[in-house]
Amino acid sequence: MSHEGLEFAGHELARASLDACVKCTICETMCPVSAVTPLFSGPKFVGPQAERFRNGDSVDHSLDYCSSCGTCTLVCPQGVQIAELNSQARAVMKADHMPLRDKLIGQTVLMGKVMTPVAPIAKAALNNKPIRAMMEAVVKVHRDAPMPPPQGQTFEGWFRKRPKPSRTPTRGALVFFHGCAGGYFEVETSKKSVEVLEHLGYEVIVPKQGCCGLAQQSNGLFDQATASVLKLCDDLRAAGTDLTIISSSGSCTGMLKHEAHEIMGVTDDKLKDVGTRIRDIMEFLLDLHEAGELPTDFAPIDMTVPYHAPCQLKSQGMGMPAVEVLKLIPDLTVVESGAVCCGIAGTYGLKKEKYDIAQAVGRPLFEMVKKTNPDLALCDTETCRWQIEQSSGVKTEHPIFLVHRAYGLS
Amino acid sequence: MSRVVVIGAGLAGLVAANRLASAGVGVTLLTKGIGGLQLSQGTIDVLGYAPDRVTNPVLTLSAIASARPGHPYAAIGAAGVHTGIEYLKQLLPDLLVGDAEANYQLPTAVGAIRPTCLVQPSMVAGHLKDGAKVAVVGLRRLKDFHPALVAENLARTTLPDGGRLVARPVSVDVPARDAEVDSSGLTYARAFDDPAFRARFAAALKPLLGDGETVGLPAVLGLKDRTAWSDLADKLGHPVFEIPLPPPSVPGMRLNEALMASAKAAGVRVVNGTRAVSVRVEDGVVKGVTVATAGADREFTADAFVLAAGGFESGALALDSYGTVTETLFGLPLAGLDAGPLVHGDYWGPEQPLFSVGVRVAGDMRVLDGNGAVVHPNLYAAGGIIGGSSRWAEKSGDGIAVGSAVVAADSILEVLA
């Protein structure tokens, strides 16, 4: 192993937390994957236990069925970095036989760039059964798995071409990080985030930016992911090194805040700089509110809406800021899903051999969403929204949509 | 915005958060993991041994309270424990039954008889009487429960009221998941949530039961479906009781999930996944607690704080290699350090003094220093952080947690009002 990322994965950091494991089984009880399939022996077995026997490759290959949702680390009362250990061990395990599919589905920018100019065709292709069957056979992406919705215009295109905002900024500048999904597929989420920030009086700067490398990281491609995340740090720092960075891509925010460091061992100062300045947009709004600086002249929204907090948002250890912010909107009732995971876990649920597991993981959530409001659900991250929408049939939006609406912006 | 911050999501933290939030106060609950409550047996021990087996916990703890001023029950008082027990029963009416004045005596997974105060309805039939006939049923693919061990020990035991019983082991093999030869209790509990599985299980077990037998089963009779055990009893035509297992403990999970769900329903803001790392105190008053949120630390301010972070097992107390014990968040003064060596070498001897170390509290659960003065006017303690007792020997930990939590919550409500 000559790669820096894998060297780290083989020997470092999270292993230091191993001895804190008291084998209490709390992670086992909360694991959404081992709950629905015996193919995964569970986070404690493949993690703190198998790790003790690992010298290079893991001794428990059911590790490949871990979805990396991170729930085990979140619930552990002892601070064992179970999910991090497992992500590292899996990267080492897959290093010499990385499937082509796993290399491809990490290429999120490429997907966006290819699809945007031909959005209607891309959309038709992704909805076309024979094409999906072929995709399943050739690259092993399940034919029914949710796919990103191609858009006719990128966020960047909109941001450049739109009329200049009429309101003069009164609160200073913020940097907006949209992520690949927010740039190419979830363009509406990015637009609404920017409009809310501008409504609050901020000047929003959007530097040209690439991918955070999360999809590569979760597929074990640590070298490429490290290069991506460091390039992104350069991109974001180009807009200034003292501004708060705001993102409405919950999982990419997690990559910058802690995952690149904790899973891949990236110690570069520019990651530390970006990772400590970035805030999730709902987190940022809640901070404003607690400082008494968030206008709460919200128009009532008479609705009961299910909200699902994604795993990678929960793992940031800040609770569920969206729930607190949405509570400020009159007549709006937000029902937290209480579900552990939607199943998709980034790219896990797209994979042919894992699709059924991912669907079984998400089933209680899909049922809860349908029962609570058949017309609208809320969730902070892109792939989770696609999964919930595809599997429940309920339109699923970022919570910022309701803030945008309550401010009278839509 | 929250007026109270509760640190810790074990029994004490969850009860305090529930009581404060249901009174209309904004509460933020800070917790590293999801709390250790689900590792418990899902019952509420108030007082089991003093040192003899206890039948009336509240009555006996009153005696302890007056005889031992350093015991947590001296501060909480019988009235506080009584209030706590009644509150918990009212909060979880379909999950906990019992009486603060009477212990149940229930079989354990090694066939001993354990005194405990509140129990889950699925365990009540385990309070065995003289002349009982018991079939202890094991599942062949569940490795944590050995029916022969339980049955043989029960059969040679004299019950606390002097009676005797007859017990025999029975084994059945009904897979929880196809092709899985080694299933956890939790996997079985999820299977028992399914009525079709219960029907299959009852069909396999019923022919093996004899007339008049009470059926003891490992505590895996449903996680979400609270009627799973009674439905099974109906299908079998025999009384059924659950015997708690080592973790993963299904009754513990039921209790933990129910308390967390009611806390969230009452509006408690839960911030999970990160440790509380520092505090800000101005003029003696606690202003904020900072947690290590990813990216940047985050401070939570409030009018009052409840420290319910547990003891050594959760890192709220730490012992270094010099033998120094510290409370790791506030650096609070600790009681129980001056009783001679903290650890002695007699393994089977008296309780190790180390495990009675903890903070001392006033009658309103505010933390006291060595001179009996309040340390911070708005800092309250609940649960395992309070020193002065050997909880596992007394079986008093749950009663201390619940009692101190309601007393702390009520004191705070009084101050905030």
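The values are calculated or read from the model by the stated rules, or taken from the named source; none is laboratory data. Every value quoted in this text rests on a predicted model; they were computed, and no experiment measured them. We place every Cβ from the backbone using ideal geometry, glycine too, and count neighbours over all the protein chains shown. For the accessible areas, the whole protein counts, side chains as well, though only heavy atoms, and no ligand, DNA or RNA atoms are used. Shrake-Rupley method; radii C 1.70, N 1.55, O 1.52, S 1.80 Å.
Observations
- Residue check, A:Arg171 exposed (fewer than 15 other Cβ atoms within 10 Å of the Cβ), of a type in the set (D, E, K, R) and assigned to a loop (DSSP other than H, G, I, E, B): yes
- Single condition B:Val271 does not satisfy, out of (1) open to solvent by 30 Å² or more (accessible area, probe 1.4 Å); (2) within 24 Å of A:Thr73 (Cβ to Cβ): (1)
- When each of B:Gly8, B:Gly36, B:Gly77 is tested for being small (Gly, Ala, Ser) and more than 14 Å from chain A (Cβ to nearest Cβ), the lone residue that passes is B:Gly77.
- Looking across the range B:273-317, the residues that are more than 25 Å from the chain's Cα centre (by Cα), facing chain A (nearest Cβ under 9 Å) and polar (S, T, N, Q) come down to B:Thr293, B:Thr301.
- Only listed residue being assigned to a loop (DSSP other than H, G, I, E, B) and within 14 Å of chain B (Cβ to nearest Cβ), chosen from A:Phe53, A:Phe40: A:Phe40
Every residue, every condition in (1) within 15 Å of B:Leu106 (Cα to Cα); (2) crowded, with 21+ Cβ neighbours inside 10 Å; (3) more than 18 Å from the chain's Cα centre (by Cα), yes or no:
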residue: B:Thr31; (1), (2), (3): no, yes, no
residue: B:Gly36; (1), (2), (3): no, yes, no
residue: B:Gly42; (1), (2), (3): yes, yes, no
residue: B:Arg53; (1), (2), (3): yes, no, yes
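- Qualifying residue in the range B:181-194 (condition: touching a residue at least 24 places away in the same chain (Cβ under 8 Å), surrounded by fewer than 23 Cβ atoms within 10 Å (Cβ to Cβ), at negative phi and more than 14 Å from chain A (Cβ to nearest Cβ)): no
- Test: residue in the range B:50-72 that is of a type in the set (D, E, K, R), within 19 Å of B:Arg114 (Cβ to Cβ), without any contact (Cβ under 8 Å) to a residue 40 or more places away in the chain and more than 14 Å from chain A (Cβ to nearest Cβ): yes
- Scanning the range B:303-331 for residues that are at pLDDT 95 or above and on the phi > 0 side of the Ramachandran plot yields a count of 2.
- The range B:16-27, residues that are surrounded by fewer than 24 Cβ atoms within 10 Å (Cβ to Cβ) and in contact (Cβ under 8 Å) with a residue 60 or more places away in the chain: B:Ser22, B:Ala23, B:Val25, B:Gly26
- Close pairs from the range A:321-335: first without any contact (Cβ under 8 Å) to a residue 40 or more places away in the chain and away from every other protein chain (no Cβ under 11 Å), partner open to solvent by 40 Å² or more (accessible area, probe 1.4 Å) and in a strand (DSSP E or B), Cβ under 6 Å, at least 6 apart: A:Thr333/A:Thr304
- Given (1) over 14 Å from B:Ile400 (Cα atoms); (2) modelled with pLDDT of 95 or more; (3) in contact with a helix residue (DSSP H, G or I) (Cβ under 7 Å, 6 or more places away or on another chain), index of the condition B:Gln90 fails: (3)
- Within the range B:240-268, considering residues that are assigned to a loop (DSSP other than H, G, I, E, B), at the interface with chain A (Cβ under 10 Å from one of its Cβ atoms) and touching an Asp or Glu at 6+ places or on another chain (Cβ under 8 Å), the one most open to solvent (accessible area, probe 1.4 Å): B:Pro246
- Residue match in the range B:104-115 (condition: closer than 24 Å to B:Ser262 by Cα and surrounded by 15 or more Cβ atoms within 10 Å (Cβ to Cβ)): no
- Index of the failed condition, B:Gly13 passing every other in (1) open to solvent by 10 Å² or more (accessible area, probe 1.4 Å); (2) farther than 19 Å from B:Glu394 by Cα; (3) under 19 Å from the mean Cα position of the chain (by Cα): (1)
- Selection within the range A:56-100 - assigned to a loop (DSSP other than H, G, I, E, B), more than 14 Å from every other protein chain (Cβ to nearest Cβ) and either hydroxyl-bearing (Ser, Thr, Tyr) or over 30 Å from A:Ala137 (Cα atoms) (or both): A:Gly56, A:Ser58, A:Ser67, A:Ser68
- In the set (1) crowded, with 24+ Cβ neighbours inside 10 Å; (2) part of a loop (DSSP other than H, G, I, E, B), the condition left unmet by B:Ala408 is number (2).
- Close Cβ contacts (under 9 Å, 6 or more residues apart or on different chains) running from residues in the range A:227-239 that are of a type in the set (S, T, N, Q) to residues that are not in a helix (DSSP H, G or I) comprise A:Ser228/A:Gly106; A:Ser228/A:Gly210; A:Ser228/A:Cys211; A:Ser228/A:Cys212; A:Ser228/A:Gly213.
- Residues of the range A:286-303 satisfying the condition of being within 14 Å of chain B (Cβ to nearest Cβ) and either within 17 Å of A:Gly254 (Cα to Cα) or of a type outside the set (D, E, K, R) (or both): A:Leu286, A:Leu288, A:His289, A:Ala291, A:Gly292, A:Leu294, A:Thr296
- Of all residues in the range A:248-279 being of a type in the set (Asp, Glu) and more than 9 Å from every other protein chain (Cβ to nearest Cβ), the one that is most open to solvent (accessible area, probe 1.4 Å): A:Asp269
- Among the residues of the range B:332-357, just one is at positive phi and under 26 Å from the mean Cα position of the chain (by Cα), namely B:Gly336.
- Odd one out for B:Thr328, checked against (1) over 22 Å from B:Ala401 (Cβ atoms); (2) open to solvent by 40 Å² or more (accessible area, probe 1.4 Å): (1)
- Conditions (1) more than 29 Å from A:Gln81 (Cβ to Cβ); (2) over 21 Å from the mean Cα position of the chain (by Cα): number failed by A:Asp269: (1)
- Within the range B:320-367, being within 18 Å of B:Tyr380 (Cβ to Cβ), without any contact (Cβ under 8 Å) to a residue 60 or more places away in the chain and not small (Gly, Ala, Ser) holds for B:Glu327, B:Thr328, B:Phe330, B:Leu332, B:Pro333, B:Leu334, B:Val359, B:Asp364, B:Arg366.
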